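Structure record follows, encoded as structure tokens.
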Amino acid sequence: MKNRFFFIIVIYTLLVGCGAKKLPKDVGPLVIIPVDTDMVLQRDYINTQFRVKDGFTLDLNGHLVNGSRSGGRFICVNLADHASVKNGALTGCALAVGVDNAVPLSLRAPLNGMNEQEGKEYVISLKGMANTNQSVDNIIFSNNTTDVYITRYTSFTRISNSSSSGALKMSVYMDADSTGSTIIDSSFTNCGTSRDKSCVMIDGSSDNILTGNYFYKTKKAIELYKNCGEGNIPRWNGANNNTIKDSSFRDLTVGINISSRKHDRFTSCRADDLGDIVEGTTVINNNYSNVVSSVIDNTK
């Protein structure tokens, strides 16, 4: 009887150990990816492959997550409040890292019926509900549609020691009313390969700091602007009080484009009379080499 029981345990262990490794939907405080495999994600598994919960860290431990370019709105990693991802590579994702804001859509909709002052006050209340302090460190991004999407109302996202290559749309998108993000000691090349976009798009997002970064061999590096509004929800605040410093730009068409949409005609939302608001941009101590237009400032 004991031998039979032992045999069952051995068979069960072998089946579990040799079976296909399922990737966790919710990860714990520290997840180490098995050292014997990289991961190829399938579209039909789950829409978001890794949902990193509040305060937790996903450590890729030097491994590659391959999203397989399966199409649709496929997110490889989604970060909740105070969550982070580090030490690995993300490729072939429609969105490599989504910075979640935790604000229900039903609470955002009222903005459409508000005047400018009411809208700004309401945005402040939404920011108080949103997630904060997510981080991306030591990640190699390659051939994703978008690398990092910093969602509306979130604050203090940090991207550090990372690299981006071949992003079809953009490397980093900072959505309206997000604030206080930092991009530091990271490199960007060959961005916006399928769209006329920059590596870093700052869209109505404020008080961000980009420092010690390297942009090279791409068409456009950084763009600051205020989109009129998407989903018929106006964007009341501009891309204000952003700082770009101590960075290098090489082999580009445009380094920094401030108020890049000033001359666009806004006709689709209630914020159209506000135009492309960009105020208080600080650009200091940057180096430009073989750049056609280092800084385009449309606010002057």
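The values are calculated or read from the model by the stated rules, or taken from the named source; none is laboratory data. Given the structure is predicted, the values throughout are model-derived calculations rather than measurements. Ideal geometry is used to build each Cβ from the backbone, glycine not excepted, and the neighbour counts take in all protein chains shown.
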Q) Of the numbered conditions (1) surrounded by fewer than 22 Cβ atoms within 10 Å (Cβ to Cβ); (2) aliphatic (A, V, I, L, M); (3) within 16 Å of the chain's Cα centre (by Cα), VAL77 satisfies every one except a single condition; which is it? A) (1)
Q. Quick check, is PHE188 touching a residue at least 40 places away in the same chain (Cβ under 8 Å), touching a Phe, Trp or Tyr at 6+ places or on another chain (Cβ under 7 Å) and buried (at least 20 other Cβ atoms within 10 Å of the Cβ)?
A. no
Q | Wholly enclosed strands (runs of 3 or more DSSP E) of the range 25-107 bearing at least 1 residues at pLDDT below 50 and among the β-branched types (Val, Ile, Thr) | A | 30-32
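Where residues in the range 190-216 are among the hydroxyl-bearing types (Ser, Thr, Tyr) and touching a Gly at 6+ places or on another chain (Cβ under 8 Å), which of them is nearest to LYS245 (Cα to Cα)? Explain how you work it out, then say what you get.
Taking the range 190-216 as the starting set, the residues that turn out to be among the hydroxyl-bearing types (Ser, Thr, Tyr) are 193-194, 198, 205-206, 211, 214, 216.
Now restrict to residues that are touching a Gly at 6+ places or on another chain (Cβ under 8 Å): 193, 198, 206.
On the way: THR193: 25, SER198: 17, SER206: 15 Å.
Across the range 190-216, the extreme among qualifying residues is SER206.
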**Q.** Residue count, the range 127-164 (criterion: in a loop (DSSP other than H, G, I, E, B), at pLDDT 95 or above, small (Gly, Ala, Ser) and surrounded by fewer than 20 Cβ atoms within 10 Å (Cβ to Cβ))
**A.** 0
(Q) For the structure I just gave you, tell me whether SER205 is more than 30 Å from ASN61 (Cβ to Cβ) and without any contact (Cβ under 8 Å) to a residue 60 or more places away in the chain. (A) yes
Q. Is it true that GLY119 is in contact with a Cys (Cβ under 9 Å, 6 or more places away or on another chain) and either within 27 Å of ARG195 (Cβ to Cβ) or surrounded by fewer than 23 Cβ atoms within 10 Å (Cβ to Cβ) (or both)?
A. no
Q) Of (1) at pLDDT 85 or above; (2) of a type in the set (Gly, Ala, Ser); (3) more than 24 Å from SER247 (Cα to Cα); (4) part of a loop (DSSP other than H, G, I, E, B), ALA167 satisfies all except one. Which? A) (3)
Q: Would you list the strands (runs of 3 or more DSSP E) that sit entirely within the range 193-260 and hold 3 or more residues that are buried (at least 24 other Cβ atoms within 10 Å of the Cβ)?
A: 200-203, 214-225, 248-258
